Amino acid sequence: MAKINKRRKRIFNMLKSHPQGLNGEAISQQLGVSSRTIRSDIKALQDALGQYNIRIFSSPTKGYRFSQFEHLSSIEHELFKDNMSNLETSKQRINYILYKLLANTLNDISITQNDLAEEMYISLSTLKIHLNEVKNILKKYDLRVTQYKTKGIKISGEETKLRYCIVDIKNIHLENEFFQDLIMNIDTDLLDDIIKKVLSERKLQLTDRSQKKLCMYIAIAMQRSRNNKTVVYPSSLTNKIENTFEYNVAKEIIENIYNQLNVDLSCSEVYYITQCLLASKKLIDVSESINKKRVKNLVNIILKEIHEKLSIDFTNDEYLIDGLTLHLNIALTRIQFQMNIRNELLETIKNDYPLAFQMGVIAGKIVEQYDNIKINENEIGYIALHFGAALSRNGIKENIQAKNIIIVCSSGLGISVLLKAKVEEYFHNRLNVVKVLPGYEVNEKTLENIDYILSTVPLKNIASDKIIKINRMLQKEDVENIENKIFHKKDTDLMEITTFFN
């Protein structure tokens, strides 16, 4: 069925406003196109209306008019639900081209530039301009737009990078209806429950964001594997993957998917899901993916280098050593298994923690030198968070008789460590951080043995005065809010002020 673009929708509305009929010349003059184009649009409209038993009559005297005029309103919503009328801005059109090309990869479909331009109701020259922007976006994922013989254009590149692109683009455009169609017919709610259950049983805590992203990765894998779009792994890589803790978790997830969703995924998808787990930001790491003794030695070399270059000595900071060892263990595994990661706070870290970021750069160069791998800025940013936490922690003593709190953080290990350090820096021995949890592990029982929860995310289905919402990077207003709610500073100030008034 032909697409009902913006111009064809306008023709529909014009004919609807003229039940007695409207000639083609009047329509073409009002829309600024030829009579031939109007005839083509009328034919496309007729094709679309055929399923509703509505016809467009044409006569030399009355022009074009609808049959069964009284039924038009009832079918109008259904007829135009997929129309292109919402492609008004360049950004919307670029997003649509991106969606169309990504959706076409599922069945290896090509589309000509002429057909795409016609579908979107834009000129070929405008399409080419937008297409260059799409190419630039895809280039970040090592994907290309290629011409496939005479059949048109399509995306080419590795399956893993294509999946990463789809998940990343979909996360960026959460509200975009086009990108929601990329995982049609997948019960994501049930899939989410399966993942949470397995992670909980295996005591593998992911951040909220990583857990949701993992669900999206697996949903995309299910959708694409149905169309025989699988990832191929060399034996050298599969042997490494099979020796990880995450491999057994992935197998269990796939078994549950088969039992509950009746979807039989191939063995290669076990390796793929393991890669996704290895790339996930964890609150607690229970794996032994990399030799931790070797990584700890690497951390000691980094701290000595920082001491020499910046005259800041962290060599006795066991908390930093353990945290950095844990993080590098995950990060090196992630890089080794060729999994990308996005750091949404990179610019904030650069601007607000320049010294910590400089330390991250030094650490990155040491890792590159000793492990012969390339570390990008996203990874450096997360390493810098550990140094930021160490700088904030300097001079802080153990908490004594403090309020017991839990921090709920949606981001990764580095940010949760920094957030914990910031809370301890501001409140010293007044607050005792019992643990850091992802949002999905918090329930009514969690509230029983603690005084307060500081949460960076809304906690669904839980209402309590013990819950205090804060920002991921603790702000001045957060500190004031905590003071007010936990230590009743607001009440004291109010009492002082009321002494001046009767």
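Read-outs throughout are calculated quantities, based only on the coordinates presented, and are distinct from any laboratory measurement. Computed from a predicted structure; not experimentally measured. Quick reminder, even Gly has a Cβ in these numbers, built from the backbone with ideal geometry, and neighbours come from all protein chains shown.
Some notes on this structure:
- Label-to-label distance, nm, for residues given as Lys251 and Ser266 (7 Å Cα→Cβ offset): 2.0 nm
- Exposure proxy order (Cβ contacts within 10 Å, fewest to most) of Cys215, Cys267: Cys267, Cys215
- Nearest 10 degrees, 0 to 90: helix 413-427 Cα axis against the chain principal axis: 50 degrees
- Relative contact order (%) - criterion: Cα under 8 Å, at least six apart; region: the chain: 9 percent
- Given the alternatives (i) 1.03; (ii) 0.98; (iii) 1.08, Rg/Rh (Cα atoms, Kirkwood Rh) as computed for this entry is given by (iii).
- Helix 354-371 axis versus longest C-alpha principal axis of the chain: approximately 90°, rounded to the nearest ten.
- Between segment 48-73 and segment 90-162, the Cα center-to-center distance that results, in Å: 35 Å
- Cα centroid separation - segment 442-462 against segment 298-313, whole Å: 39 Å
- When the listed pairs Lys203/Lys485; Lys139/Lys296; Lys251/Lys374; Lys91/Lys154 are checked against a 25 Å cut-off, the alpha-carbon distance exceeds it for Lys203/Lys485; Lys139/Lys296; Lys251/Lys374.
- Taking all Cα pairs closer than 8 Å and separated by 6 or more residues, the relative contact order of segment 90-182 comes to 30 percent.
- Computed on segment 185-279, with alpha-carbon pairs under 8 angstrom and 6+ residues apart, the relative contact order is 34 percent.
- Cross-link partners of Lys170 among aspartates and glutamates, defined as those whose alpha carbon lies under 14 angstrom from its own and excluding same-chain residues fewer than eight positions apart: Asp181.
- Note that segment 6-80 shows a convex hull volume over its alpha carbon atoms of 79 Å³ per residue.
- In degrees, nearest ten, helix 35-49 long axis to first principal axis of the chain (Cα): 70 degrees
- Taking the fewest neighbouring Cβ atoms within 10 Å as the starting point, the ordered list for Val408, Val479, Val198, Val270 is Val479, Val198, Val270, Val408.
- When shorter helices are ignored and each DSSP H run of at least 4 residues is given -39500 (n - 2.57), the per-residue value for the chain at 222 nm works out to -18000 deg cm²/dmol.
- DSSP bridge orientation in the chain - percent antiparallel, rounded to nearest 5: 50 percent
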